[in-house]
Amino acid sequence: MLAPACPAIAVTLASVLLLVAFQHVVRGGVQQGEARRKAFALHSDAQWRCKALTGASMRADCLLQLDPAPGGDERLRAEHVRAIALQ
């Protein structure tokens with residue numbers, strides 16, 4: 001009587017484990033998306049505050065501090081930021 005129930009128990013247990021694993025992955029994705037959304041909102045707010053500064057050099061310095069070049073050409077990055085600051 002116990003032998004016919006074993007496959008059903010194993011399938012049920014495997015199904016529950018798969019659902020728990022799926023829920024864990026989905027929760028991680030939601031948390032990562034929320035963290036990305038918050039970071040983007042904070043960055044956008046900081047850019048807005050930089051662009052609201054008076055004086056093109058103050059705006060450019062603020063934007064350069066906000067987004068330092070990650071290893072690219074710093075001179076080209078500075079010229080690009082100064083062009084944005086003049087807008």
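Residue separation of Leu66 and Ala3 scaled by 0.36 nm, minus their Cα-Cα distance, works out to 16.1 nm of gained length. Label positions at Asp45 and Ala21, each projected 7 Å from the Cα along the C-beta direction, are separated by 3.9 nm.
A short reminder: the numbers here are calculations on the coordinates, not readings from a lab. What you see is a predicted model, and the numbers here were worked out from it, not measured in a lab. FYI the Cβ positions are ideal-geometry reconstructions off the backbone, even for glycines, and counts take in every protein chain you see.
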